[in-house]
Structures are given as structure tokens and as C-alpha cells.
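J.: Below are the C-alpha cells for one structure; questions will follow.
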Amino acid sequence: MNVDDEYGSVHWQTATDLESSRTEHDSDPFATFDVQKPSLTRNINGYENHASSSSGYDRDTFNAKHSPDTASQSKDTNTSNDSHFIAQPMTITITEPQKESEGSSGTYISYLITTHTSIPTFSSRSPCRVRRRYQDFVWLYNALTFEYTASIVPPLPEKHRIEYLKGDRFGTEFVERRRQSLQWFLDRIARHPLFQQSQSTRVFLESANFKHDKQLQTVRDPSSGSVMETLSDTFLNAFTKVQKPEERFVDMKENIDKLADNLNTVERLYSRIGKRQQDLSQDYAMFANSVDGLSNLETGISSQLGQFAETSRKYSGAIKEMCDKEDLLFLNQIHEYLSYCQAAKTSLRARDQKQVDFEELSNYLQHTIQERERTMYPGRKLGDRPAVNITGFLTDKVNEARGVNMVQARQEKLERLEHRIAELQDEVAKSNDVSNMFSNQVMKEFQVFEKAKTAELRNGLLDYADSHIEFYKQGASIWNAIIPILEATDVPED
């Protein structure tokens, strides 16, 4: 990233400029002034914001001074856009996982993806079927993350590298668990008004030559800039906080945190219940073995005891089947939704960073304006700042002793400050627009997140209830089958 290419008339002092700065200071006594230099932060949306260390402006003040109707217009626009922020009908299913070989590169699992939709960006309304592997899902996730910087992109299931170490990545249980998690990922894509219409999504769901088409679709990230700019981004994100948090986003974060805490509690308690059910399944299996042993001793009712033992084994299997189904459809979903909560919090942090960019850049503008006022009216007290700047005072005295033309030097400095203020005002306006757009989009994203939460929790609880109903029906059938056999057993009379 080259700042001078975009804002060529703004000079940001670097280490390589020190020598030339010293030369300039010798001829210009007003070249040095105590305005803190901003650090550069790369805006994902394409703007470049410049930030200092504290906030002097706020968004309300800026809107009131520069665009009185901005806030109301933004609110009206956001309200009108909400009515259009609705997903169109779209159904995506993942089935038929199969093992495939890629020559010397190795073996992988591919999944059949079937899409039903009438979205105009798709080439056909007929069901579209393609096969994709996990790495293709990773490409889609990265493409959506880059394309929609203010959106909550649903996370992919973890790679579970321990399964690779065990050699179980082709095992039935692991493959089915991943298939279900990928199904939830695509369900969230299908429910999102932006993601479902993305060209990246279209290429993923219908391209017959995906390897070629994804290369054409891939948007390359522009240069990330110098090492110093990267370090500047890191330190700014680590140590700078929003000076004036907006209550709606504070409430949003608290809601997500509470949801994550409750999900963690549900996960912990269900894991305890699941462990007990697994132990119960094993106990019934051991019980069946004991009854089998008893049948070898009691020859008179050996057949009945053997059938009772087999009934116990079937019941043990039914318990295990219920546990496995609940782990897949309920516990696995809780894990994935916790990851979704984390993605939502990441989006909120990105929004906060846009507000920080605006606040920090506004503060730098305010400092520059104050420096101009001090230069125009030496000795005047400005706000909470002292009337006399010690550094400037000493510089003036030194340059007076050297015979520098103070009037000309002051005029040249004022011209530089006026030029810099004009450019900074433009950058503050851009930063404000970016921050407002980001905030509006995050509000819409939270609505999508809430709808997804309701739908997914509902489906998860229904799956949990269905697995129990199916288990109890199966259990009743298993035990009912043994009752006539036991009742028909002859009991010797005294």
C-alpha cells in the first residue's frame, strides 16, 4: 500500500525524512509543532484511515457540523433497505459422501451438493448437482469473508486434526459428523440475503469446472503495506478502545456473550447426561452377558434366558444409537453455534475498529486545527491546553537569535496547516461514511443471526425430542417382544 499514491499531497513523516526535516527546521522556525502523528490503519472496505491515540471529535459532532441530515438520512435509508434485506427461497443439501483419489496428491472425501433455487444469478432453476471437497468449502468461506467485510460469515467445522493423526478421517462417524456440519454451514449461506446471491456462492454451487472458475472468481487482496503499517494495525487493535460506545452494539455484544455462556452450560450438562447414557448402554451389554451365563446353568429355561439376554443387547444398542444420534444432531450443533457466536463477536470488533478509526482521525484533525489557532494567535489559551507551547516558544527564541524572518515562517506554516486540515476533513468524512455503513450492515447482520439462532435451536431441540421418542418406541417394541416368550414359560407346580 502506498499512501502517497492515494493522498499524494499529505506528507507522513518517516525515519527516512529525519535529515530533510532537520534542514527544513533550520529555515522554518514553525516547521515543528506538537501534533501527534497518526498511525496508518488499512480499511478493509478500500479506504485508508489515519489514526492518533485519543478521540477529540465524535460522530454526532461531525454530522452536526458537516452534514446536518446525515444521521436521519442514514436511519431512513437503513429502514428502507431492511425491507429488501430478505433471503429468497433456496435449499441446499449435502449427501453421498464418497472417498476419492487425486493421484499422487492423496485421498479425500467429496460430497454431493444439490441446490434448488430461483435466484436470477443462477443459470438454471432446475436442481443443480456438483461434488465438492472440504478445501472447496474453505475457498467459499475465504471468498465471502473477503467480499463481505461487515457480515457475519458462518464458520466452517474444525478440521479435527486429531482424527488425521488417528487415521480415522475416512471413518463413518467422522465423515457423517463433518457432512452434517457442512450442511449447517450451507444452510446459513442459503438463509443470508447477500451470501446466497454472491458470485462466489454461485460458482461453488453450480460450476462444472470449479477448479478453473474459482481462479477467475478469486479477488486478490491488495498489498498489505509495509511492516511498520502492519505493526501499527496490530498495536492499534490491541490497545485502542472505542471512546464513545454505542449502546445498541454494547447490548448486542452482551446478548451474544450471554447466549454463548448458556450454550456452554447446556453443552457441559448434556455431556454429563450423555456419559451416563453411554455407561447405561455398557451396563445393559454386561447384563446381557450375565444372563447368557445363567442360561448355561439353568437348562430348563435356557432358551428363554438366551432370548432375554438378546433383548437386553438390543436395548443396549438402542441406547447407544440414541446417544450417537444426539451427539451428531444436538451436541455437534451446539459446538457449531458456539463458533457462530464467535464469528458474530469478530464482526462486532471489526465494527468497533471502524469507529476507532473515525475517532482517532477526528482527534488528529482537532489537534491540527488547534495548532493552526496557536500559530495565528500566539499566547491565546485554547481549551484545556496551555497558552504557551514550550517547544514552540524555545524554537521561536532560537530562530529569532539566528535572524530568521518570523512573519514569513509563520505564514508558510499556516499555509501548510490549512492544506493539511482540508485533506484531513476529507479523510474524516470518508472514515465517518465507512463507519456508518459498517454499523448499518452489522445491525442487519444481527437480525440474520437472530433468525438463524431461533431456527437452529428449534431444529436442534426437535431432533433431540425425536431421538428420545424414537428410542422409547423402539425400547417398548424390544421389551414387548419378549413378554409373550416369558409368559409362555412353563412353571412346575408343587
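J.: Just to be sure I understand the curve: with the Debye formula and one point per C-alpha of the stretch 277-321, what is log10 I(q)/I(0) at q = 0.32, 0.33 Å⁻¹?
T.: Here the Debye-derived log intensity ratios amount to -0.99, -1.03.
J.: Still on this structure: Ranking Val356, Val266 by Cβ neighbours within 10 Å, fewest first, what do you get?
T.: On the way: Val356 22, Val266 16.
Ordered from fewest to most neighbouring Cβ atoms within 10 Å, Val356, Val266 come out as Val266, Val356.
J.: To continue, here is another question. Once you keep just the Cα pairs under 8 angstrom separated by 6 or more residues, what percentage relative contact order results for the stretch 92-220? Present the calculation step by step, with values, prior to reporting the outcome.
T.: On the way: 150 pairs, mean separation 32.4, N = 129.
Once normalised by length, the contact order is 25 percent.
J.: Right, next: Count the net charge of all other residues whose Cβ sits under 15 Å from the Cβ of Ile469, scoring Lys and Arg as +1 and Asp and Glu as -1.
T.: Working: positive: Lys325, Lys473; negative: Glu321, Glu326, Asp463, Asp466, Glu470.
Charge balance in the 15 Å sphere: -3.
J.: When the chain is fully extended, how far beyond the present Cα-Cα distance does Lys241 get from Phe174, taking 0.36 nm per residue of separation? Mind dumping the intermediate values first?
T.: Details: separation 67, 0.36 × 67 = 24.12 nm, distance 4.17 nm.
Net length gain for the segment: 20.0 nm.
J.: Return the FRET efficiency for the residue pair Asn209, Asp261: r is the Cβ-Cβ distance, R0 is 60 Å, and the value is rounded to the nearest 0.05.
T.: Values: r = 46 Å, r/R0 = 0.77.
In this case the efficiency is close to 0.85.
J.: If R₀ is 30 angstrom, what is the calculated FRET efficiency for the pair Thr93 and Asn480, using the beta carbon separation as r and rounding to 0.05?
T.: So the FRET efficiency works out to roughly 0.25.
J.: For the pairs Lys345/Lys451; Lys253/Lys444; Lys430/Lys451; Lys99/Lys211; Lys258/Lys444, note any where the Cα-Cα span goes beyond 22 Å. Mind showing how you got there, number by number?
T.: Details: Lys345/Lys451 16 Å; Lys253/Lys444 15 Å; Lys430/Lys451 32 Å; Lys99/Lys211 19 Å; Lys258/Lys444 20 Å.
Where the Cα-Cα span goes over 22 Å, the pairs concerned are Lys430/Lys451.
J.: Per 5 Å bin from zero, what fraction in whole % of the C-alpha pairs of the stretch 92-220 is there, up to the bin with the longest pair?
T.: Taking all Cα pairs of the stretch 92-220, the binned fractions are 2, 10, 20, 23, 21, 14, 8, 3, 0, 0 percent.
Coordinate-derived values only; no laboratory data. None of these values were measured; they are calculated from a predicted model. Quick reminder, even Gly has a Cβ in these numbers, built from the backbone with ideal geometry, and neighbours come from all protein chains shown.
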